[in-house]
1. For the charge dipole of region B:10-88, defined by +1 on Lys and Arg C-beta atoms and -1 on Asp and Glu C-beta atoms about the Cα centroid, which residue among B:LEU50, B:VAL87, B:LEU38 has the Cα displaced farthest towards the positive pole?
2. Take the alpha carbon gyration tensor of the protein assembly as shown, find the square roots of its eigenvalues, order them as a ≥ b ≥ c, and report rounded if a/c is under 1.5; if not, report prolate when a/b exceeds b/c, else oblate.
3. Beyond 25 Å between alpha-carbons counts as too far, so tell me which of A:LYS195/A:LYS341; A:LYS114/A:LYS195; A:LYS114/A:LYS383; A:LYS231/A:LYS341 fall in that bin.
4. Can you work out the Karplus-derived ³J(HN,Hα) for every residue in region A:165-170? Use 6.51 cos²θ - 1.76 cosθ + 1.60 with θ = phi - 60°, whole Hz, and x for glycine or proline.
5. Enter the mean number of other protein chain beta carbons within 10 Å of the beta carbon of each residue in B:78-85, as an integer.
6. Once R0 is set to 25 Å, what does the formula 1/(1 + (r/R0)^6) return for the Cβ-Cβ distance between A:GLU193 and A:LEU348, expressed as a FRET efficiency to the nearest 0.05?
7. Within 10 Å of each residue's Cβ, count the other Cβ atoms and sort A:ARG206, A:ARG170 from fewest upward.
8. Assigning unit charges at the beta carbon (Lys, Arg +1; Asp, Glu -1) and nothing else, what dipole magnitude in debye, to the nearest 20, does the protein assembly as shown show about its Cα centre?
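Nothing in this text is a laboratory measurement; each read-out follows from the coordinates by a stated rule. All figures in this text were calculated on a predicted structure; none of them were measured in a lab. Here the Cβ positions follow ideal geometry from the backbone for every residue, glycine too, while neighbour counts run over all protein chains shown.
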Amino acid sequence: MTALDIPIVAKPDDLVLSAVKQSGLGDQMKRGLDAPICLTWELTYACNLQCVHCLSSSGRRDPHELSTAEAEAVIDELERMQVFYINIGGGEPTIRPDFWHLVEYAVDHGVGVKFSTNGSQIDAAVAQKLAGMDYVDVQISIDGADAATNDHVRGRGSFDTAVAAMGHLRDAGFGEFKISVVMTRHNISQVDEFKAMADHYGAQLRLTRFRPSGRGADSWAELHPTDSQQKDLYHWLLAHPDVLTGDSFFHLSALGAPLPGLNLCGAGRVVCLIDPLGDVYACPFVLHDEFRAGTVRDPGGFQAVWQTSELFAELREPQSAGACASCGHYDACQGGCMAAKFFTGIPLDGPDPECVLGHGETLVEAADAATRPDVGTDHSRTKVTLGSKPR
Amino acid sequence: MLSFDADQPYRLHDRVALRPEPFGALAYHYDNRRLNFLRAPELVALVESLGSHDSVRHAYDASGIDARRWPSFEKALASLAASDFLVAT
């Protein structure tokens, strides 16, 4: 067969590129693309919630966040680079005063937008407005199928807020928005309920992996799924290929047949993150100096960072299998998630902390507080602990 | 869904954008928010030329692509049409 027999249809925000691995396109992906496929842009560290697992430790706005003019200049550049589509997040992006202006600016410049929100600003009128906008997709975050489970992690009242927003989007005829859930020890048994919730609201379900990033480092030991939960989830995902995952569970592919998706770490290759200050990181889960590739404020802007940063060049080199080289499953799991390893104190060429063969656990236990990196800049308003009702 | 017919004219959907890449191009459909990979530079050129020919076959003839490779290109085009990246005109 020639190299082009299967054009792969994919949702860029979720990298559902099922035939990629077999076709050799995965190797091209590893060498990087001229522009990212999947760019996450966190517009602000300000948030009206303080979720215990927040990967960016959000809460307070940072005084050095990009101005409206600087943000517009980034969008101009993304247009020139033909970044088709960006994922906007935060913090809570909708509380930035110029949020709607920037969304419209992006769309007017051919850059589609999906934004993640806790739903607090999505009332009936906003839902109507969204339903009338082309090129805009909405993702509502929720972390429990009931208020008790959700609010334990996201704060009191946040379940009702999210569900109200879902109702407004459905009533406005928005169409298929997304419901996004981070899988934890407490909610992983509720996957069928989340699926039913998505079906009820005419939404698409998206399940992603909990990483020990940001404040997630503090709650990881308590919240990350157990081995048996991971196995259950793997089989559930295989049985529900229409559920989006952002390709985040590829470490589970070592359990058998590969899950749909790239099944590789896209950090710096097809994925990256711009933080509210304009700093560019390899992926949304590594807001740490070690993975900072540069800033859009430098003269060459985002394009220079993406195309010439030393960090990204390194990530696009073939990676060492390290301690996993002798494991027969390395081809399937690729050693797992860089961020999960880094923040649990495991070497980057070591196994994933949630390695399904159990190779990670002992290393996590062995890594004491001294060998674990700090979690990066903390924008929390107050000390956040599980169940502390952070509002 | 209509099956792909190389005797008919097709063109790239108005809401599809192509971005050149070393392997060919990425194609993004702004309506259904899907991404496609055009995995050969010749395929990119062929797709871009479709609109100016009165059938896909004529586009093959004009493309300079070896006729033995047409079946694999046709498979790619049919797949693009099935996901609405190409539309019959």
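1. B:LEU38
2. Since a/c reaches 1.5 and a/b is larger than b/c, the shape of the protein assembly as shown is classed as prolate.
3. A:LYS195/A:LYS341; A:LYS114/A:LYS383, as the Cα separations exceed 25 Å there.
4. Coupling constants for region A:165-170: 4, 4, x, 5, 5, 5 Hz.
5. Whole-number average of other-chain Cβ neighbours for B:78-85 is 2.
6. For R0 = 25 Å, the calculated efficiency reads 0.10.
7. Working: A:ARG206 24, A:ARG170 16.
The order, fewest Cβ neighbours first, is A:ARG170, A:ARG206.
8. The calculated dipole for the protein assembly as shown is roughly 480 debye.
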